[in-house]
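Everything below concerns the one structure shown next.
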There are 2 protein chains.
Amino acid sequence: MDRLGANPANSCPLTPLGFLERTATVFGDCPSVVYHDTVYTWSQTHRRCLRLASALVSLGVSRGDIVSVLLPNVPAMYEMHFGVPMSGAVFNTINTRLDARTVAVLLRHAGSKLIFADPASLPLVRDALRQLPPGHRAPRVVPVEDPQEKEFPAAPPGTLTYEALLDGGDPEFAWVRPRSEWDPMILNYTSGTTSAPKGVVHCHRGIFLVTVDTLVEWAVPKQPTYLWTLPMFHANGWCFPWGMAAVGGTNVCLRRVDAAEVYATIARRGVDHLCGAPVVLNMLANAPDAARRPLQGKVRILTAGAPPPAAVLHRTESIGFEARQGVRTPGMAEVDIVDGETGRSVPRDGSTMGEIVLRGGCVMLGYLNDDSATRAAIRDNGWFYTGDVGVMHPDGGGENISSVEVESVLYNHPAVNEAAVVARPDEFWGETPCAFVSLKEGSGSGAPGAVTAADVIAWCRERMPHYMVPKTVVLRAELPKTSTGKIQKYVLRNLAKEMGPTHKGASSSSRM
Amino acid sequence: MDRLGANPANSCPLTPLGFLERTATVFGDCPSVVYHDTVYTWSQTHRRCLRLASALVSLGVSRGDIVSVLLPNVPAMYEMHFGVPMSGAVFNTINTRLDARTVAVLLRHAGSKLIFADPASLPLVRDALRQLPPGHRAPRVVPVEDPQEKEFPAAPPGTLTYEALLDGGDPEFAWVRPRSEWDPMILNYTSGTTSAPKGVVHCHRGIFLVTVDTLVEWAVPKQPTYLWTLPMFHANGWCFPWGMAAVGGTNVCLRRVDAAEVYATIARRGVDHLCGAPVVLNMLANAPDAARRPLQGKVRILTAGAPPPAAVLHRTESIGFEARQGVRTPGMAEVDIVDGETGRSVPRDGSTMGEIVLRGGCVMLGYLNDDSATRAAIRDNGWFYTGDVGVMHPDGGGENISSVEVESVLYNHPAVNEAAVVARPDEFWGETPCAFVSLKEGSGSGAPGAVTAADVIAWCRERMPHYMVPKTVVLRAELPKTSTGKIQKYVLRNLAKEMGPTHKGASSSSRM
């Protein structure tokens, strides 16, 4: 028994890139990527990705170089999820809604060698490049055509565009395989919800595991017709670019997500799956009648990130969508809740709060060029520290009390517009939940029957265990947000800290 | 970038055993295992498995020891798929239909330290133990009770039975985690279809990957109600014991698989999934009316191993079953077809035959105590040699011509009872397909309009590409079979070799 171990036939690196090769064989003539009237097959997509990889190598891109992209959900964006790492490069998607200053910060930090950009993002990219410090070697910019959009000016003759690059590529290219499954494959910048952007690096093994995990978690069937409503630049579209290749699905691309276009595309293409944050459910549920089309078949919406408010969920389902909320990682991760100081597990009493920690194949390699942040997040005790607060129940089930549960109850309050819960220092508990809330118009201060912070606390007391009820509720006109509309919890956390510690057993409320 | 790599938070070993912990938390109060009137919850199953693991350690079982079991699909068999490897031991299921001599050969080869046995298998086990050579340290036998079966005699007072063992175990046991994901976890003996039994050893990582792969391939939903028709002792029930824990399903156990009991259990328990070789489909399709019950909902049958004949498939579906055939591994394996002598890929011409080779995380560690067989199967060029013959098509799709396609066409012939295709040496091709066929009563030699080998070849010519048509057809009264009813292809391969090589382009037929 001791003589048996990893061998040459079973130890080849785990990577999601292999899904493309297999699907090109098994589903070669089936549609892979659809955009307006363009329909690619899996065989074509496979060859286009190999062309891309070979062309990048010809341009001098080599193993470990970073290739950045600013693109909406168009076919090229899909292809790059394979073609870029198949050149050996690390693939870095950048949110197209960022400002030029932030894009410049990211490009400088990443040291990107090449940028693919949508016509709509070219001005942003050029602006960002002008803000790079003198002496910084500017990345090459390759524009990606979109002949479907007539208002975009054509690239000047002689420009090396995406399609020109592919024309010069080799569709039989022997792609650059990872030397180890721990080789970096993806670089994603955090959106600045909790702190300044950091470059999260994932390896081939990690992306493989998250992709497979996502397919299992949502029981994605063979050959679904999948609508791209979730931006691929956001956490790589929850790994669905690779997932769709694994199950041989059809990727229906969409440049702009508005309700009328989503309903029309579902009808035209027979879409049966889509992903979206709760905001997408909200858009579909509240679309005007003129924008709606009756659903011909069942359409499953896979949602995650934040829990959709129950009212939105019910309304979406009444239209005929079937919404499923993901609870990540059936088996790739362990979770614990530990005392931030000692690193020891908190008691399984459902009330002692601590920091939620994770381990498993889905955990990042670390932060790019930020050893101290990496060391703070990934500790020698084998855990990744999430920065979220939770409690552990007697049955071993951990609960994130900082956001998911409490915010969901707050959103159900008829007068609540937005809600975010963060930890506030507490003399006894270490931390207690602190809610920041904005109210709907006509519900706030001065209105008849105006809702108070105490009313919100009372609402929570009736609907959740005592330990989860926010000890502090702060009413604000608006909550601070990032460029992508996410609430900036780190700003709120700082505010909560500045308020000073709460005292044992006390609830408090304030208005800012 | 170079400073980032595997770290303490993401490099914990992949193992399917973790599925149980997570499911006990997420689905703790949901049914896990059902048998007659016994219903366990996931929380209970988790604790029973930990008790088992701790009790085994207390008995002196240690890391790498082999624990064998002879059990039908009862709850204890399910629990052992977790509890045995959670003790650090390697889990070895033995086919309960083998004869005592073969069981003795396996126990001796494995050096099993302990055997769990069903009351129905105890006489077989005792018989096998008597056949162990003098001086061989006999394994301890632990009988597994089945109070549901009244005809089984109770174990003598004081016997250490399975339940007594669990009673002494610790439900909070810190289970013995693998030190590496390459640690051995499973030992399965080949059934002797192609050669004498060999001990196939799989590691935690391999079983994890195959399990996840199976769930993706069949798009198994959350919390299915799964009927155990496939024996867990057969290839660990295609990894569904671990798969059901990953998705929080209900395992409906069944000691005996007969049509009436399967139909009754589907109705009683609301079964919606089951696995089975084509023989199970056949049994359900041809059940007498008295044994049948109408299906209340959709029941998916996941089938693999051999392709079910089209007629059986259609009949099963007409009853209301939805049968899906698996085509293993969406992404864990690469396939090639190589020249057996040179190891080079055969031309992608759809006609040059070679040996099918695989690589990927699903490939075994090797054969237990059989270095030469391991070296013959797993070569330094990084491939696992399957022993099957195939061709590679121009699109990169390999095709196994030795069995799947050709046998399926043969089974469709109205006079064919059984068919098996093996490779026969050929002066030009290296190998050509050779079919052994038995005919239905009244179709063979002497009958009016008797079917000849030439008729069978003509039938194939009309229905498959030329290169796939058997060059040799041998009619026999019966085909040689193993104790489990599988056709012994190695016997047929030897017969084909003894016939000597075929000649270029020639077809031949013979009668034996």
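The values are calculated or read from the model by the stated rules, or taken from the named source; none is laboratory data. For clarity, every value in this text was computed on a predicted model and none was experimentally measured. Positions of Cβ are backbone-derived with ideal geometry, glycine not excepted, and every protein chain shown enters the neighbour counts.
When B:Pro347 is tested against (1) within 30 Å of B:Val212 (Cβ to Cβ); (2) more than 7 Å from chain A (Cβ to nearest Cβ); (3) not in a helix (DSSP H, G or I), exactly one condition is not met: (1). For B:Ser87, work out the one condition from (1) out of contact with any strand residue (DSSP E or B) (no Cβ under 6 Å at 6 or more places or on another chain); (2) small (Gly, Ala, Ser); (3) surrounded by fewer than 20 Cβ atoms within 10 Å (Cβ to Cβ) it doesn't fulfil. The number of the failed condition is (3). In the range B:161-193, of all residues being at pLDDT below 95 and out of contact with any strand residue (DSSP E or B) (no Cβ under 6 Å at 6 or more places or on another chain), the one that is nearest to B:Asp65 (Cα to Cα) corresponds to B:Thr190.
Yes/no matrix, rows are residues, columns are (1) over 30 Å from A:Arg179 (Cβ atoms); (2) touching a Pro at 6+ places or on another chain (Cβ under 6 Å); (3) more than 9 Å from chain A (Cβ to nearest Cβ):
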site: B:Gly5; (1), (2), (3): no, no, no
site: B:Pro13; (1), (2), (3): no, yes, yes
site: B:Pro16; (1), (2), (3): no, no, no
site: B:Thr23; (1), (2), (3): yes, no, no
site: B:Phe27; (1), (2), (3): yes, no, yes
site: B:Ser32; (1), (2), (3): yes, no, yes
site: B:Asp37; (1), (2), (3): yes, no, yes
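Taking the condition within 28 Å of the chain's Cα centre (by Cα), in the same structural domain as A:Ile94 (by TED's automatic domain parsing) and under 21 Å from A:Met77 (Cβ atoms), does A:Arg179 pass? In short, no.
One residue is enough: does the range A:175-184 have a residue meeting the conditions buried (at least 23 other Cβ atoms within 10 Å of the Cβ) and not acidic (Asp, Glu)? Within the range A:175-184, one or more residues are buried (at least 23 other Cβ atoms within 10 Å of the Cβ) and not acidic (Asp, Glu). Going through (1) within 14 Å of chain B (Cβ to nearest Cβ); (2) crowded, with 18+ Cβ neighbours inside 10 Å; (3) at pLDDT 75 or above one by one, A:Ala333 falls short only on (3). Whenever a residue of the range A:25-43 is within 13 Å of A:Tyr78 (Cβ to Cβ), its partners that are modelled with pLDDT of 95 or more and of a type in the set (Phe, Trp, Tyr), lying with C-beta atoms within less than 6 angstrom and at least six residues away or across chains, give the pairs A:Ser32/A:Tyr40; A:Ser32/A:Trp42; A:Val33/A:Tyr40; A:Val33/A:Tyr78. Of the residues making up the range B:221-269, those that are part of a helix (DSSP H, G or I) and among the aromatic types (Phe, Trp, Tyr) are B:Trp238, B:Phe240, B:Trp242, B:Tyr263. Can you confirm whether A:Pro197 is more than 16 Å from the chain's Cα centre (by Cα) and not assigned by TED's automatic domain parsing to the domain that holds A:Val422? It is false that A:Pro197 is more than 16 Å from the chain's Cα centre (by Cα) and not assigned by TED's automatic domain parsing to the domain that holds A:Val422.
Screening the candidates A:Arg47, A:Arg51, A:Arg63 for the property of being more than 26 Å from the chain's Cα centre (by Cα), at pLDDT 95 or above and within 13 Å of chain B (Cβ to nearest Cβ) yields one hit, A:Arg47. Every condition in (1) farther than 30 Å from A:Tyr367 by Cβ; (2) assigned to a helix (DSSP H, G or I); (3) among the charged types (D, E, K, R) is met by B:Arg97 except one, and the failing one is (2).
This table checks each residue for (1) outside any loop (DSSP other than H, G, I, E, B); (2) touching a residue at least 12 places away in the same chain (Cβ under 8 Å); (3) away from every other protein chain (no Cβ under 14 Å); (4) charged (D, E, K, R).
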| site | (1), (2), (3), (4) |
| --- | --- |
| A:Glu163 | yes, yes, yes, yes |
| A:Leu187 | yes, yes, no, no |
| A:Val201 | yes, yes, no, no |
| A:Thr214 | yes, yes, no, no |
| A:Ala219 | no, no, no, no |
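Considering only residues in the range B:206-236 that are within 20 Å of B:Leu17 (Cβ to Cβ) and touching a Pro at 6+ places or on another chain (Cβ under 7 Å), the one that is surrounded by the fewest Cβ atoms within 10 Å (Cβ to Cβ) turns out to be B:Met232. Checked against the criterion of being more than 23 Å from B:Thr225 (Cα to Cα), at pLDDT 85 or above and buried (at least 17 other Cβ atoms within 10 Å of the Cβ), the range B:302-319 has no qualifying residue. Considered as a group, the residues in the range B:401-426 that are charged (D, E, K, R) and at pLDDT below 80 include one that is farthest from B:Cys460 (Cα to Cα), and that residue is B:Asp426.
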